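Single-structure report; data block below.
Throughout, read-outs are computed from the coordinates displayed, never taken from laboratory work. Quick caveat, the model's predicted, so the values are computed rather than measured. Here Cβ is always computed from backbone atoms with ideal geometry, including for glycine, and neighbour counts include all displayed protein chains.
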């Protein structure tokens, strides 16, 4: 077997992997180097998230009240089911990857092809799901009002159910249209794009509906967000409200502090980018397997190396899942 | 190249016949742990959310421990750490664990300190 190995140009060269420090080949060692450094990058992000959360520990949103949607099930409260599904997809694609590595060790080309293909499909489903998560998060849910201090006020009915702005906001004829970069002074658009309802419209609707209450972000002694009485609600909304927030972006976030949205976009985005590049690398390796490159080389170690990367992406998700969605 | 795999997990109490069956076994373990995590996250039992240990809810400790448990099996069995030389294993694992623990410790203490300052002093800053 060894005699038929196609040369890779690194034989006998110490730093080309000619001998194998720690009994691992050059490529595998380098992949481990990369993984350790990337793990430190991700822990930097997650630790920064923890820092900000501890800083605002009495008003940080609980993820299972934010991510409550499931595709095709509109209006159904399904906290975290979809993220759990995504987790399964990624763990399962890790399984097919490690099965591909195992088949590679046994030089079973067709099995490697099938398992690599399944891994790629799993990765693609995951990236697609993440795009859907982002879309849902950006579009938002019920809408909220932001105060002068940048805090979020959400609306509840007397039963404690969330109420969307569209259910009570009263339309006030308003001719103001959004100022875009393209009209008037160059490159000076508005700080925030205009929302469906303006703050006065929401306030008017709120005053007209006696059963509406305001919920602040601060936790009461039971650990649930504080719900104000009707009088307090009116006072709070009239005195401190300034802006309507629908959905989330980098500056405003109807679910809580803008930092929550920033970290969500940054951490899941960076992870999603890893998954995307993992899928791309897997596709390249997949075609190499199909055309028989590793069969001729006599070793499927390349599959093992991208496998390491792919498992690492799964590993990171396990932590993101815990620290973003569970804790 | 030799491809011998260590096929026993749980400190040797659970032995698999082949590498493939070990992979499926580990997948089953990871799935069960994930299901438990999600169930706990939805139910949020009173016992676990009401009590704290080291200023953190017991439920969060459970989540963190289960996460580390999953991370161990992904690294050891999917990434074949179990089959690597112990020197490679230690170089990768202890480096990361040491640096990450230090970073988390420092940042969380600092975050809690700033929270106290916001709460008990006159500074009202928000972003």
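Observations, loosely collected:
- Longest to shortest principal axis, alpha-carbon extents of chain B, angstrom: 67, 36, 25
- The protein assembly as shown: proportion of alpha-carbon pairs further apart than 40 angstrom, %: 31 percent
- For the segment B:57-68, counting C-beta atoms of other chains within 10 Å of every residue's C-beta and taking the mean gives 3.
- Taking the C-alpha atoms only, the angle from helix B:19-43 to the longest principal axis of chain B is near 20 degrees.
- Compared with the dominant principal axis of the Cα atoms in chain B, helix B:86-120 is inclined by about 20°.
- Partner chain coverage, peptide A:25-31 - average Cβ within 10 angstrom: 1
- Size descriptor for region A:199-327, Kirkwood hydrodynamic radius: 19.3 Å (Cα pairs only, one decimal).
- Diffusion coefficient, µm² s⁻¹, Stokes-Einstein with Kirkwood Rh over alpha-carbon pairs of region A:35-81 at 20 °C and 1.002 mPa s: 164 µm²/s
- C-alpha center-to-center spacing [region B:1-76, region A:79-118] in angstrom: 19 Å
- Ascending count of other beta-carbon atoms within 10 Å, so fewest first, for A:180, A:80: A:180, A:80
- Listed residues A:310, A:132, A:60, most fluctuating in chain A (Gaussian network, C-alpha, under 10 Å): A:132
- Taking the longest Cα principal axis of chain A as reference, the axis of helix A:109-139 is set at about 10 degrees.
- Average beta carbon contacts from partner chains per residue of A:303-312, 10 Å cutoff: 2
- Relative contact order, percent, chain B [alpha-carbon distance under 8 Å, six or more residues apart]: 18 percent
- Here is how the number arises for the protein assembly as shown: DSSP H runs of 4 or more residues each give -39500 (n - 2.57), the sum is divided by the residue count, and the result at 222 nm is -18000 deg cm²/dmol.
- Calculated on the Cα set of region B:85-127, radius of gyration then Dmax: 17.5, 56 Å.
- Net length available on complete extension from residue A:280 to residue A:181 is 32.0 nm, with 0.36 nm assigned per residue and the Cα-Cα distance removed.
- Peptide packing: for A:104-117, A:216-229, the average count of neighbouring Cβ atoms within 10 Å per residue gives the ranking A:104-117, A:216-229, highest mean first.
- Each label was represented as a point 7 Å from its Cα along the Cα-to-Cβ direction; for residue A:131 and residue A:23 these points are 4.5 nm apart.
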